[in-house]
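Following: one structure in structure tokens, then a few remarks.
Each reported figure results from applying straightforward, stated rules to the coordinates on display, with no laboratory input. Model, not experiment: these values are computed from the prediction. Cβ sites come from the backbone with ideal geometry, for glycine too, and all protein chains shown count toward neighbours.
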Amino acid sequence: MIQHMVKEETRKLEAEIETLTAKLQKLEKENRFLQLTFEHANDAIILFNENVEFFQVNQKACELFELPKEELLQRKLHDFLELMPKEEVEYQEAQLNELGELKNELIVRLDNGSIKFVEYSAVRNPDESGLDICIIRDITTKKQLERESSKSKQMYHDVINRAVDGIVVFDRDGLFIDVNPAFCSNFAMPKIDLLQSKLDDFVEDGFQYKMTKIWHLLDNHGRVRGELPVVLHTGERKTFEVTITANIYDDYYLAIMRDVTEKRNMELQLKKSEERFREMFQHALDAIVLVDNNGQIKRANPAASRAFELPLDDLVRAKLHEFVPKNDKKVFSIVKQFGARGEIREELEFHMPNGQKKLLEFTANKGIIDGFNMIIFRNVSERRKMEKDLRESEQKFRKIFNNAMDGILLWDNKCNIIDANPNASKILGLSKEELMNNSLHWYIQHDQLKVIQSQWKECPESEELSGEVCLEGERGAQIIEYSAKKNVIEGLHMTIFRNITEKREMENQLRKSDTLTVVGELAAGIAHEIRNPMTALKGFIQLLQNSMGEDQYAMYFDVITSELKRIESIITEFLVLAKPQAISYQRKNATVIMKETLDLLSAQASLENVQFITSIEEGLPDIYCEPNQLKQVFINILKNAIEVMPKGGTVSVALEKIEGEQVLISIRDEGTGIPEDKLKKLGEPFYTTKERGTGLGLMVSYKIVEEHNGTIEVSSKLGKGTTFHIKLPIGSPTVH
């Protein structure tokens, strides 16, 4: 029984052992499978203890951390998390503790310095062994791809948004899906409005065929390039250069549109400019040739054919150096300068095939048309000849202008003096610069200027305006005779003038001389005819007076006798003018003659309440004179001085020696003075300022002083008096 029980128990144990053995084998098999899975897994599998130390790692974990297994099992995970913020690490640990499992990412830094991004899946103590299991996958490459992709997208958006050209994405119906800012700017519409539009909306009916062609090419080739004219909603027309690519995103199309409106307009203008240049080239009056750097003529216009005296076909086969003298230094110099500067403007004598020599002015520019040098020629032979003739003509004019005996002024429409010859400066007493700084108005008195301006307006251009003007200056009044001509050169007038002051004075003196001659002849006749009856009258008056009583009619006889004496004195003065007197000059002191005269007139002066004041220089030398005639001069002037002061006054008499071996005798009164216009007439026959005067006294005085080789000058101020200055030579009158 016991044995049976033992056997039974043994059989159970064996069965249980077999079961356990089978289970163990199964577990060992599973363990080997797990071990193989653990070791050969594609991801790193790590078991961490409670201190997050590496407890068990597979081969992928070693490869991930790039450490042998022995070294890695001695490390903590935190050793590799230096780049992670501490707060982030603590947060992920808290999440794992709370949830029991966690998926997240870490940044690890290996011992060799490399950085890796890892993605992990962790479970906290799954089998209550106190170990956490963590599966880690290296996602560094993935992160780099994501970063590159993000960067590419950003770059794409930057390129799209910052592109100068318009970029638009549209679908198969032509509806705009996306547009960049440049496209909005080109179409002058906001993006929101454009996204509700189609490309066809901007193409006119006349160009819709282009859209049909674009869709056809896109369907067949997937790409199209060309130009598309559009009309904006503002009505503005533009031309775009278009490049369209099909299927960039499924059924979308990308179009790059560049605004070439201005470019096409410029090209059109350039085309027109080229056409104009061709027209100008062919019809230019100046010769134009295009030459290469060897001087070979490549192209020429008809004017060049005429200038170089060759048919056009022959000219374009010639070289420029064939038309200039060989070994000419100037040619070498021009070529050298042209090579250095790339442009030049010069003149050169060219020898034509027909023997002609022409002076051509030319402008050359290097490589400006199709790489050829352009040279423009102009024949200046005639112009240089004309310039030479003009220079010679100008020199002749300048010589005549500068050496003319008369003054010449050139002036413009505003009366500004443009030029003046030396005699103009001499006559007006001003330098050329001073003359040219003033206008004609400055020299002419206002009242005269108005008359001249009126005459100038009425004067025809074919005629001259002539006349006289009186100019006041530092040298006194001058009489100027002028002749003016309009527009000798367009806008330039000429005035020729001369000083005729001396001429007028000589004419006045000649008139005086003629008058004196007539008066002299008249005086001789009158004196002869009057003296005979005067003698009879005087004789019979004396007989009549003696035959009557002493008191009867005495007053009448005195008046008659006085008047007869006055007539006789006038006749005597006439005789002085009648013919030259035989004067016997003698040496006499002028002081003595003056004192005798003053004594003679003192009684008359006292009656008129006039006083004589004398100022006589001591030691005055004697003069050669006829004393009685000089006394007559002094009497005439002193009597005039007394008579112009009816209320009395002072007559100042001064004698002094002056330069030039002369004696100056000055007689000054305190009368009313003589106006300036009347001063010039003093000494003329029969001119007097007194009521009963004959004008003969001063005329005789002037004649006597003149015969003594002296002069009489008169100065007067109205209200202050008049002064007579008599200058007489000290030496013999014959010497003077």
Using 0.36 nm times the number of residues separating Arg172 and Thr141, minus their current alpha carbon distance, what extension gain do you get?
7.4 nm
Output for the range 608-652: GluC sites (Glu not before Pro) sitting in coil per DSSP, at most 10 other Cβ within 10 Å, listed by number, reads Glu618
Peptides 536-542, 237-243: what's the order by average Cβ count within 10 Å, highest mean first?
237-243, 536-542
How many nm is it between the label spots at Asp314 and Gln337, if each spot is 7 Å from the Cα in line with the beta carbon?
3.1 nm
Taking Lys426 as the anchor, which lysines have their alpha carbon closer than 19 Å to its alpha carbon, excluding any fewer than eight residues away along the same chain?
Lys399, Lys503
So what is the diffusion coefficient of the chain in µm² per second by Stokes-Einstein at 20 °C and 1.002 mPa s, using a Kirkwood Rh over Cα pairs?
49 µm²/s
Find how much the distance from Lys213 to Leu268 grows on full extension, using 0.36 nm per residue of separation minus their present alpha carbon separation; answer in nm with one decimal.
17.2 nm
Among Asn365, Leu232, Asn112, which residue has its Cα furthest toward the positive end of the charge dipole of the chain, with +1 on Lys/Arg Cβ and -1 on Asp/Glu Cβ?
Asn365
Going fewest to most other Cβ atoms within 10 Å around each Cβ, Met594, Met534 line up as Met534, Met594
Kirkwood Rh and Cα Rg combined as Rg over Rh, evaluated for the range 234-327
1.38
About the Cα centre of the chain, what is the dipole size in debye to 20, counting +1 per Lys and Arg Cβ and -1 per Asp and Glu Cβ, all else neutral?
3640 debye
Between Glu434 and Ala536, what is the label-to-label distance in nm when each label sits 7 Å out along the Cα-to-Cβ direction?
7.0 nm
Simple Cβ-charge dipole of the range 404-492, Lys/Arg +1 and Asp/Glu -1, about Cα centre, in debye nearest 20
120 debye
From the residues Pro422, Ile480, Ser466, which one has its Cα farthest along the dipole of the range 404-492 in the positive direction, the dipole being from +1 and -1 charges on Cβ of Lys/Arg and Asp/Glu about the Cα centre?
Pro422
What does the highest-first list of 134-145, 110-121 look like by mean Cβ count within 10 Å?
134-145, 110-121
Go through Lys565/Lys717; Lys486/Lys680; Lys588/Lys717; Lys680/Lys717; Lys238/Lys366 and tell me which ones have a Cα-Cα distance over 26 Å in this structure.
Lys565/Lys717; Lys486/Lys680; Lys588/Lys717; Lys238/Lys366
Using a simple charge model, +1 on the beta-carbon of Lys and Arg, -1 on the beta-carbon of Asp and Glu, nothing else, what dipole does the range 43-118 show about its Cα centre, in debye to the nearest 20?
220 debye
Do any trypsin sites (Lys or Arg not before Pro) in the range 317-401 lie in a DSSP loop with no more than 13 other beta carbon atoms within 10 Å, and if so, which?
Arg317, Lys326
Specify which residue in the list Gln74, Leu131, Ala41 is farthest towards the positive end of the charge dipole of the range 41-145, using unit charges on the beta carbon of Lys, Arg (+1) and Asp, Glu (-1), about the Cα centre.
Ala41
In nm, what is the difference between 0.36 nm times the number of residues separating Glu90 and Glu659 and their Cα-Cα distance?
191.5 nm
Point-to-point label distance, Leu83-Val488, nm (Cα→Cβ direction, 7 Å offset):
10.2 nm
Cleavage-rule hits, trypsin sites (Lys or Arg not before Pro), the range 604-650, DSSP coil, Cβ neighbours within 10 Å at most 14
Lys647
Quick check: the angle from helix 140-162's long axis to the longest principal axis of the chain, C-alpha only, nearest 10 degrees?
30 degrees
